[in-house]
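Chemist: First the structure, which I've put down as structure tokens, then a few questions once you've had a look.
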Amino acid sequence: MKRDAIIGPLAVVALWSLLHWGGLVRPLFLPSPVATAAALARMVGSAQGLLDIGWTLLRVLVGFALACLIGIPTGIMMGRWTRVSAALGLVVDFLRSLPALAMFPLLMLVFGIGESAKVATAVLSCSLVLVINAMYGVQQSPPVRLIVAKQMGACEREMFTRVVLWDALPHIAAGMRVALSLAVVVIVVTEMFVGTIAGIGYRIFQDQLTYRVPEMYAAIILAGMLGYGLNRAFVAVERRAVHWVGR
């Protein structure tokens, strides 16, 4: 299985090499894998590159954490109480029908062109994912388990904390995993706008403006590596925290 996992990356590199050295794509638009790898090594080894990674990672984690604090409790309440779902359902459905990045200009007007607007955009997009997953997880709690808990004398609070919440955790964890990846995407894109002085998205945009194509490709790959690394770290935690779910 581990050997199979490298087939895809090797195929991409082989195709990339064929397109570049075969002269099928101009070097201005597609640098060689060697030049890109060298640019990536320089970026990771430089103080500026580490600063860009650090700023992007900080924005992602702050946005993700705030989204969890907002989205998970809201989704749980919507799934547990019909009146809350009826009150917020239309708003949630409307907002999740909008592209989150389309709200970024509005959020810049509200929060300014600094860090707050970028984080707010990530919070908005990620919290909606968490609301839906948490709500669905609560609603999918087997009624039989609730009936048995009630017959055994469990109060409303005990049924929620000992039955409903545990049944909803796999769905919540799945939503958190999607939201974390989405946070990386949103933050990297918003870093390409005004008001940014550092970040992987900022580096991609600046390299594109100055035609530093190998560096631009390296920054894109770095963004993917950051998202992949965060995803694998979350999966490792999820397997320990939600260990009773079959995989």
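Chemist: For the chain, what does the relative contact order come out to in percent, with C-alpha contacts under 8 Å and a separation of six or more?
Modeler: It comes to 24 percent, rounded to a whole number.
Chemist: A follow-up question, please. Determine the sum of side-chain charges near A233: Lys and Arg each +1, Asp and Glu each -1, restricted to other residues whose C-beta is under 13 angstrom from that of A233.
Modeler: Overall, the nearby charge balance is +3.
Chemist: Using helices alone, I'd like the mean residue ellipticity at 222 nm for the chain: each DSSP H run of four-plus residues gives -39500 (n - 2.57), total over residue count, nearest 500.
Modeler: Per the formula, -25500 deg cm²/dmol.
Chemist: When averaged across all projection directions, what area in nm² does the alpha-carbon convex hull of the stretch 88-136 cover?
Modeler: Here the figure is 3.4 nm², rounded to one decimal.
Chemist: Expressed in whole Å with the largest first, what are the equivalent ellipsoid semi-axes of the stretch 1-132 derived from the C-alpha gyration tensor as the square root of 5 times each eigenvalue? Please list the in-between numbers first.
Modeler: Working: eigenvalues 327, 84, 50 Å².
Working through the eigenvalues yields semi-axes of 40, 21, 16 Å.
Chemist: Let me ask another. Dipole magnitude of the chain about its Cα centre, charges +1 at Lys/Arg Cβ and -1 at Asp/Glu Cβ only, in debye to the nearest 20? Working shown, then result.
Modeler: Working: 20 positive and 11 negative charges, 115 e Å.
For the chain, the charge dipole is close to 560 debye.
Chemist: Still on this structure, I have one more. With a length cut of 30 Å (Cα positions projected on each helix's long axis) and a Kyte-Doolittle mean of at least 0.0, go through the chain and give me the DSSP H helices that pass.
Modeler: Span-like helices, by this rule, are 47-80, 115-139, 165-190, 213-241.
Chemist: Checking the a/c ratio against 1.5 first, then a/b against b/c, what shape does the Cα gyration tensor give for the stretch 1-41? Can you show the working numbers first?
Modeler: Details: a/c = 4.06, a/b = 1.65, b/c = 2.47.
Oblate, because a/c is 1.5 or more while a/b does not exceed b/c.
Chemist: Computed over the Cα atoms, what is the radius of gyration of the stretch 42-111 divided by 2.2 N^0.38 Å, N being its residue count?
Modeler: Values: Rg = 17.5 Å, N = 70, 2.2 N^0.38 = 11.1 Å.
Here the Cα radius of gyration is 1.59 times the empirical estimate.
A short reminder: the numbers here are calculations on the coordinates, not readings from a lab. Values in this document were obtained by computation on a predicted structure and should not be read as measured data. Virtual Cβ from ideal backbone geometry, glycine too; neighbours counted across all protein chains shown.
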